[in-house]
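**Student:** The structure that follows is given in the form of structure tokens.
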Amino acid sequence: MTVDALKAVAIVFVAVVLQTSIVSTIEIRGGTPDLLLVTLVAISLLRGAIWGAAAGFAAGLLLDTASLARLGETSLLLTVAGYWIGRYGETTGRDRSHAPLLSVAVVTVLYAIGALALHVVLGDPVDAGRVLVGALIPGVLLNLLLTFPVYALVRRILGRPEWAAQEVRLLG
Amino acid sequence: MVVGVLALLSLALLSVYFRESDNGPLHGAQDAGATVMRPFQVGAERVARPFRDLYGWFDGLVGAKEENERLRAELARANQQAIENQNAAQENRDLREALDYQDLPGLKDYRPVNTRVVAQQSPQFSKQIVIAAGSNAGIKKHAPVLSAGALVGEVTKVTADTALVTLLTDESSAVTAYSIRTGALGIVESGEGGSLALDNVPKEKDVTRGDLVATAGSGVERLPSLFPRGIPIGTVTSASQTDTEPFKQIQIVSMVDLSNLDVVTVLVR
């Protein structure tokens, strides 16, 4: 449990550093890949809702610190996202091979809408058309491209989900 | 239960951070955290740089021949212009000396701090970058930031070893600027699709394609300008007007690629 937690923290830390220093500078057809969100999806699907929420909170806090953004802004969105994906992973998506792709596609859209709403509430000038029309579709596609390699890497580091191991034991 | 607590904690953080001053405890904690993360970000950026340069090299090959011809023509024009400028500059110096002319603070009154870009915020919501120098290097809030001699933005947050720079293409950015050829005054703001626009230029003013736009500065004592006069911003790519709009519609293109900044210069006094 503790080793898993340390591994998850390390994965999130590396993802934040890569996201802020490298990935966020890549802009293709108006969209930018979100490595951190894809990593969070992988952790949440593999470890469930509580881990997802905690990883989302930590990831958001680190991202806001590294990019000098308002503290708590990204944490709020990623906590909810991590929890929701974790619940999906524990229930409906548990044996589905398409769960990572579906989760990444849906959460990218919901995250963009949530972030837009939060920025509007906080009074930031944001171009909603660019966020929801210009950048969203390329962003979803780029995140989908990242999904399989990132999911495979995170699963290799964290191991298979606990419930999958239990099922193997029961069947065996 | 856990998610509720974490969400409430995030909201509390956001609320306190939003209300407190730049010297508040959360800003201090962020300052310390950013300092810890900076070496990792610099390291990652250095590792990625050769790959990014390689991509840029291949990307530059597309249309390189046409660009070469265009640049040769531009160079010929620039050489001609440089000779004229040298004469004008000498004449200007002589006249200033003769008249004992008192000017606004200029570029010569600032000290450059050259630094590296280490992080970038999500470009969908803000056009902001984090640079690897802060108050320890003398950087202050609202300092102008340049790249390749052209204005790219303004420092909007400073920690001990890092600073946040809001780029000209950010929705919240606005800089008073003028056309060097005619002196027509306006405000450079973000335009459609991450471009730049020179707004608030009256229709009777003369601004045309190819005009160079630079910071206007201000001599008003109560509202001193953040930037010295004469920092180049970009070139006018189109200028039009309609009967219904009170101002011209002017698009400008920055002299540098604002989406791919590597090294920047902060001007400090």
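**Student:** Measure out, as a whole number of angstrom, how far apart the alpha-carbon centroids of region B:48-109 and region B:135-200 sit.
**Tutor:** Result: 19 Å between the Cα centres.
**Student:** Another question, if that's okay. Using only the alpha-carbon atoms, how far is helix A:99-121 inclined from the longest principal axis of chain A? Give it as 0 to 90 degrees, nearest 10.
**Tutor:** So the inclination is approximately 40 degrees.
**Student:** While we're here: Once the convex hull of the C-alpha atoms of region A:1-147 is built, how many Å³ does it hold per residue, rounded to a whole number?
**Tutor:** Output value, Cα hull per residue: 102 Å³.
**Student:** So, one more: Let me know the charge dipole size of region A:29-172 about its Cα centre in debye, to the nearest 20, where only the beta-carbon of Lys, Arg (+1) and Asp, Glu (-1) is charged.
**Tutor:** Dipole size: approximately 400 debye.
**Student:** Mind checking the mean number of beta-carbon atoms from other chains within 10 Å of the Cβ atoms in A:122-130?
**Tutor:** Across the residues of A:122-130, the mean count of other-chain Cβ atoms within 10 Å is 4.
**Student:** If you don't mind, there's one more thing I want to ask. Out of B:Gly149, B:Gly186, B:Gly63, any idea which swings most in a Gaussian network model of chain B, alpha carbons joined below 10 Å?
**Tutor:** Taking springs between Cα atoms under 10 Å, the residue moving most is B:Gly63.
**Student:** Please identify, among A:Leu62, A:Leu37, A:Leu118, the residue showing maximal mean-square fluctuation in a Gaussian network model of chain A using a 10 angstrom Cα cutoff.
**Tutor:** Per the Cα network of chain A with a 10 Å cutoff, A:Leu118 tops the list.
**Student:** If you count, for every residue in B:250-259, the Cβ atoms of partner chains within 10 Å of its Cβ, what is the mean?
**Tutor:** Per residue, the number of nearby Cβ atoms from other chains is 0 on average.
**Student:** Express in % the proportion of alpha carbon pairs of region B:157-254 at distances exceeding 24 Å.
**Tutor:** Tail of P(r) above 24 Å: 24 percent of Cα pairs.
**Student:** As I understand it, the value is the acute angle between the Cα axis of helix B:64-99 and the longest principal axis of the Cα atoms of chain B; what does it come to in degrees, rounded to 10?
**Tutor:** Helix B:64-99 sits roughly 80 degrees off the main axis of chain B.
**Student:** On to the next question. Suppose the Debye formula is applied to equal point scatterers at every Cα of region B:1-55; what is log10 I(q)/I(0) at q = 0.25, 0.26, 0.27 Å⁻¹?
**Tutor:** Per q value, in the given order, log10 I(q)/I(0) is -0.92, -0.95, -0.98.
**Student:** In addition: Please work out the C-alpha center-to-center distance from region A:92-139 to region A:1-51 and express it in whole Å.
**Tutor:** That distance is 15 Å.
**Student:** At 7 Å along the Cα-to-beta-carbon direction for both A:Thr2 and B:Ala174, put a label point, then send me their distance in nm to one decimal.
**Tutor:** Going from the A:Thr2 label point to the B:Ala174 one covers 5.6 nm.
**Student:** Under 21 Å between alpha carbons, and skipping anything fewer than 8 positions from B:Lys248 in its own chain: which lysines qualify?
**Tutor:** Leaving aside lysines fewer than 8 places away in the same chain, those within reach of B:Lys248 are B:Lys203, B:Lys205.
**Student:** Which of the lysines could be linked to B:Lys140 by a straight reach, that is with a Cα gap under 16 Å, when you skip same-chain ones fewer than 8 residues away?
**Tutor:** The qualifying lysines are B:Lys157.
**Student:** Within 10 Å of each Cβ in B:44-51, how many Cβ atoms from other chains are there, averaged over the peptide?
**Tutor:** The mean count of partner-chain Cβ atoms within 10 Å per residue comes to 3.
**Student:** So for chain B, averaging the separation of alpha carbon pairs under 8 Å that are six or more residues apart and normalising by length, what relative contact order in percent results?
**Tutor:** Relative contact order comes out at 17 percent.
**Student:** Normalised radius of gyration for the protein assembly as shown, please: alpha carbon Rg relative to 2.2 N^0.38 Å, two decimal places.
**Tutor:** 1.12
Bear in mind these aren't lab numbers, they're just calculated from the coordinates by the rules spelled out. Small disclaimer: the values here were computed from a predicted structure and weren't measured. Positions of Cβ are backbone-derived with ideal geometry, glycine not excepted, and every protein chain shown enters the neighbour counts.
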